[in-house]
Amino acid sequence: MTKEERDKQRLEEQQNTQLLYDYVYLEYIKNGASEEQAIEATEDLMFKHSNNLFGEKGLAYNIGELSIPFFCKYFLQDTFTPKPNNKARNLAQVHLDVWDMLDQMFIKDEFDKSEIILPRGTAKTTVCDFAISVWLHCYKKSDYTLVAGKTEGDAIEFIAEARKAFEENKYIIKAFGELIDTKNCTVNKLELELTNKTKIQAISSTSSMRGKKYNGNRPSCIIADDYQGKSDVITKESRDKKYNTFIEDAGYAGDEAVIRNGVKIKPATKFIVLGTILHADCFMSRLLKNKDYKHMLRRVVDFDVEKVFHEGLWEEFRLIYFNNKLQDSVSEAKEFYYQHENEMKFPTIWDDKFNPLELAIKYYNNPSAFQQEMMNDASKIGVKWFTSNKVESPEVIESHNFIKTMLCVDPAATSSKRSDSFAFLVGSLANNGFKYCRKAELLKIDARTEFDKYIKHIVDLLLDYPDITHIYLEKNTFLGVDANKLEQEIDKNILLKRRNLVIDNEYQRANKNDRIETIVSDVNNGRIIFNSEDEDFINEVMDFAGTDFTPHDDGVDILASFASKIDLIEVVHRVKFYGTR
């Protein structure tokens, strides 16, 4: 061992000893000792165990059983403590709050069910699921822990991380011994059986928790992490199903406490639910009203983002950021922030992770998603997704150099006043990298009696814009009949027949909200530019607040199709031969 390595080891030992001292002291304080008594008792205990502070059944082992925060900071220090050889961030108060809540739940046994709602990116899976699972099974506090992730992939990743902790963590191995034995225990991508006869199992949120047992016992702890996805909140039926399924499953998956002569012999199954708010009536929102659960809800910042990000220096930043007259508005906006950083920066839930500049940009590009995933504010869900747009006159638009042009069409099935419209969009990608809606229309056409009118309008647009090379027709309404009819009309027209037009006629199966979400930033940033004359189309786009809250979404739907499909078009340029004299 080199001198540098010895010095590094000595420093780590000193830091670990100080950490242990601090938590021994805190245990005495929590048990009613004065500061002077706690110091004296801590020094005596540290001296008494000086030969085995961190070894098997040593002092650290015993303090870790009494304090989940100490267990995480010492035994899981490679995950939670920044070191030269890892990428850990400094912990924030929210992480300590989660560990304190777990202390109350598992060590003090004050409650059996908890709901923890945190912003995206706050490491809730690591700080809660991973940490408590390792603690529970190191000390055999849970014979069987069941973790439900959003997908099977999440479940597999969780088991892999837990296995790594038991197999490779030198601090755990030193104090608890070898807990993984692949020859005599079940160890696979979804199950982790330990040598102390306990088991961790991970499942996807679509799998039922009912009937799961290990050695005849139901789970001692059930964790539901990101149990709901976007598909679970789209309709009232899907929201009802997600909540009711969990409540019913939870009722049959766990055990009640065993009490004899007024003494609790065995605690009830503990339930932990983690996630973010996706809807005012989603699974997580409903659980907030369930009095059986103890709740923790945190937001990324403690102020009204709609107010702060639209006033003062932040409003100036926004105007620069969306100013398409600037050659590089994003860089200029960021430079403005750096020049005023001291006045514009603000505290976040985790300063070592979240940057005010990046948070503000994320908000400007998609305010609705920001309110959901970062603020856990269901009251803002349903607000308009698009906050600004860029328009140009037809003359200015047509002055650009277009390198790709296509016609996108979304037919409607009916023509009543309350029904959807036929949406037509002639769009181009210019050599400046911007996308232009050269002509965007919403027309009421009776699909039953005016089919020929619909086809004729497409032909007229093809003739009006000779540079159109591709046509996209959504297949859901006419099932390909309109594509066949259009091909016939093109063959009849000598001008169109020679253009070798490509017709893309396919079903639209992707979730509409997900597709539209991909263009929010481009519209708000002005990378998609509208024709100033197409007011009806623009207004419908700007009114979009999600499919559950918007009566008509034909325009924004076809806009999303154009934005994605124009990038996929490959234009083959003709080769010109020049003669020689």
Fill in: The one condition in (1) within 28 Å of LEU278 (Cα to Cα); (2) surrounded by fewer than 23 Cβ atoms within 10 Å (Cβ to Cβ) that ILE132 fails to fulfil
(2)
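Picking from ASP249, ASP292, ASP302, ASP255, which residue would you name as being under 24 Å from the mean Cα position of the chain (by Cα), among the charged types (D, E, K, R) and either closer than 30 Å to LEU357 by Cβ or not in a strand (DSSP E or B) (or both)? Walk me through it before giving the result.
Numbers: ASP249 fails: under 24 Å from the mean Cα position of the chain (by Cα); ASP292 fails: under 24 Å from the mean Cα position of the chain (by Cα); ASP255 fails: under 24 Å from the mean Cα position of the chain (by Cα).
After applying the criteria, what remains is ASP302.
Of the residues LYS512, LYS492, LYS485, LYS475, which single one is in contact with a strand residue (DSSP E or B) (Cβ under 9 Å, 6 or more places away or on another chain), of a type in the set (Lys, Arg) and assigned by TED's automatic domain parsing to the domain that holds GLU398?
Answer to the check: LYS475.
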Worksheet entry | Top-ranked residue in segment 160-216 [being on the phi > 0 side of the Ramachandran plot and small (Gly, Ala, Ser); ranked as surrounded by the most Cβ atoms within 10 Å (Cβ to Cβ)] | GLY177
Worksheet item: Does segment 34-54 contain at least one residue that is touching a helix residue (DSSP H, G or I) at 6+ places or on another chain (Cβ under 8 Å), surrounded by fewer than 18 Cβ atoms within 10 Å (Cβ to Cβ), within 24 Å of ALA162 (Cα to Cα) and among the charged types (D, E, K, R)?
Response: no
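Here is a yes/no grid of residues against (1) small (Gly, Ala, Ser); (2) closer than 16 Å to ALA131 by Cβ; (3) touching a His at 6+ places or on another chain (Cβ under 9 Å):
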position	(1), (2), (3)
GLU36	no, no, no
GLU40	no, no, no
LEU59	no, no, yes
LEU66	no, yes, no
CYS72	no, yes, yes
THR81	no, yes, no
VAL98	no, yes, no
Fill in: Close pairs (7 angstrom Cβ cut-off, 6 or more residues apart or separate chains): more than 24 Å from VAL459 (Cβ to Cβ) in segment 420-441, of a type in the set (S, T, N, Q) and in a loop (DSSP other than H, G, I, E, B) anywhere
ALA430/ASN401; ASN431/ASN401
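Take TYR321 and decide whether it is assigned by TED's automatic domain parsing to the domain that holds TYR364, without any contact (Cβ under 8 Å) to a residue 40 or more places away in the chain, crowded, with 19+ Cβ neighbours inside 10 Å and not hydrophobic (A, V, I, L, M, F, W, C). Walk me through it before giving the result.
Details: assigned by TED's automatic domain parsing to the domain that holds TYR364: yes; without any contact (Cβ under 8 Å) to a residue 40 or more places away in the chain: no; crowded, with 19+ Cβ neighbours inside 10 Å: yes; not hydrophobic (A, V, I, L, M, F, W, C): yes.
Here the answer is no, as TYR321 does not meet what is asked.
Is at least one residue of segment 97-113 closer than 30 Å to SER285 by Cβ, among the basic types (Lys, Arg) and touching a strand residue (DSSP E or B) at 6+ places or on another chain (Cβ under 6 Å)?
Initial filter on segment 97-113 (closer than 30 Å to SER285 by Cβ): 97-113.
Then drop every residue that is not among the basic types (Lys, Arg), which leaves 108, 113.
Right, trim to touching a strand residue (DSSP E or B) at 6+ places or on another chain (Cβ under 6 Å) and you get 113.
Looking for residues that are closer than 30 Å to SER285 by Cβ, among the basic types (Lys, Arg) and touching a strand residue (DSSP E or B) at 6+ places or on another chain (Cβ under 6 Å), one finds at least one in segment 97-113, hence yes.
One residue is enough: does segment 376-385 have a residue meeting the conditions on the phi < 0 side of the Ramachandran plot and modelled with pLDDT of 90 or more?
Step one: of segment 376-385, the residues on the phi < 0 side of the Ramachandran plot are 377-381, 383-385.
Now restrict to residues that are modelled with pLDDT of 90 or more: none.
No: zero hits.
Among the residues in segment 345-356, are any basic (Lys, Arg) and either surrounded by 14 or more Cβ atoms within 10 Å (Cβ to Cβ) or in the same structural domain as ILE223 (by TED's automatic domain parsing) (or both)? Don't jump to the end; show me each part of the working.
Step one: filter segment 345-356 for residues basic (Lys, Arg), giving 345, 353.
Within this subset, residues satisfying the condition of being either surrounded by 14 or more Cβ atoms within 10 Å (Cβ to Cβ) or in the same structural domain as ILE223 (by TED's automatic domain parsing) (or both) are 353.
Yes, because at least one residue in segment 345-356 is basic (Lys, Arg) and either surrounded by 14 or more Cβ atoms within 10 Å (Cβ to Cβ) or in the same structural domain as ILE223 (by TED's automatic domain parsing) (or both).
Which of the residues that make up segment 297-327 are of a type outside the set (Phe, Trp, Tyr), within 26 Å of ALA92 (Cα to Cα), in contact with a helix residue (DSSP H, G or I) (Cβ under 8 Å, 6 or more places away or on another chain) and modelled with pLDDT of 90 or more? Explain how you work it out, then say what you get.
Quick first cut of segment 297-327, residues of a type outside the set (Phe, Trp, Tyr) only: 297-302, 304-308, 310-313, 315-316, 318-320, 323-327.
Next cut, within 26 Å of ALA92 (Cα to Cα) only: 297-302, 304-308.
Going one step further and asking which of them are in contact with a helix residue (DSSP H, G or I) (Cβ under 8 Å, 6 or more places away or on another chain), we end up with 297-298, 300-301, 305-306, 308.
Within segment 297-327, LEU297, ARG298, VAL300, VAL301, VAL305, VAL308 meet the criteria.
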Practice prompt. Hand me the list of helices (runs of 4 or more DSSP H) wholly inside segment 1-106 holding 2 or more residues that are touching a residue at least 40 places away in the same chain (Cβ under 8 Å) and closer than 30 Å to PHE158 by Cβ.
Written response: 3-30, 59-66, 68-74, 77-80, 93-102
Worksheet item: Counting only residues that are in contact with a Ser or Thr (Cβ under 7 Å, 6 or more places away or on another chain) and assigned to a helix (DSSP H, G or I), which one in segment 217-236 is surrounded by the most Cβ atoms within 10 Å (Cβ to Cβ)?
Response: ASP232
Worksheet item: Which pairs have Cβ atoms under 9 Å, sit 6 or more apart or on different chains, and link a residue in segment 231-256 that is within 18 Å of LYS289 (Cβ to Cβ) and not assigned by TED's automatic domain parsing to the domain that holds ASN217 to one that is part of a helix (DSSP H, G or I) and aromatic (Phe, Trp, Tyr)?
Response: none
Practice prompt. Working carefully through the options GLU110, GLU178, GLU115, GLU157, find the one that is in contact with a His (Cβ under 6 Å, 6 or more places away or on another chain) and either under 25 Å from ILE277 (Cβ atoms) or part of a loop (DSSP other than H, G, I, E, B) (or both).
Written response: GLU115
Worksheet item: Can you list the strands (runs of 3 or more DSSP E) found entirely within segment 445-558 that contain at least 2 residues being touching a residue at least 12 places away in the same chain (Cβ under 8 Å) and out of contact with any helix residue (DSSP H, G or I) (no Cβ under 8 Å at 6 or more places or on another chain)?
Response: 502-506
Worksheet item: What's the number of the condition PHE303 fails, among (1) surrounded by 14 or more Cβ atoms within 10 Å (Cβ to Cβ); (2) touching a residue at least 24 places away in the same chain (Cβ under 8 Å); (3) under 25 Å from MET375 (Cα atoms)?
Response: (1)
Worksheet, complete the sentence: Contact list, first residue from segment 137-157 and more than 19 Å from GLY211 (Cβ to Cβ), second anywhere and in a loop (DSSP other than H, G, I, E, B) and of a type in the set (A, V, I, L, M, F, W, C), beta-carbon distance below 7 Å, six or more apart or interchain, is HIS137/LEU194; ILE156/LEU190
Item to complete: Would you mind finding the one in LEU136, LEU146 that is aliphatic (A, V, I, L, M) and part of a helix (DSSP H, G or I)?
Response: LEU136
Worksheet item: Could you say whether any residue in segment 348-364 is within 30 Å of LYS241 (Cα to Cα) and touching a residue at least 60 places away in the same chain (Cβ under 8 Å)?
Response: no
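The values are calculated or read from the model by the stated rules, or taken from the named source; none is laboratory data. Remember, it's a predicted structure, so these values are computed and weren't measured experimentally. Quick reminder, even Gly has a Cβ in these numbers, built from the backbone with ideal geometry, and neighbours come from all protein chains shown.
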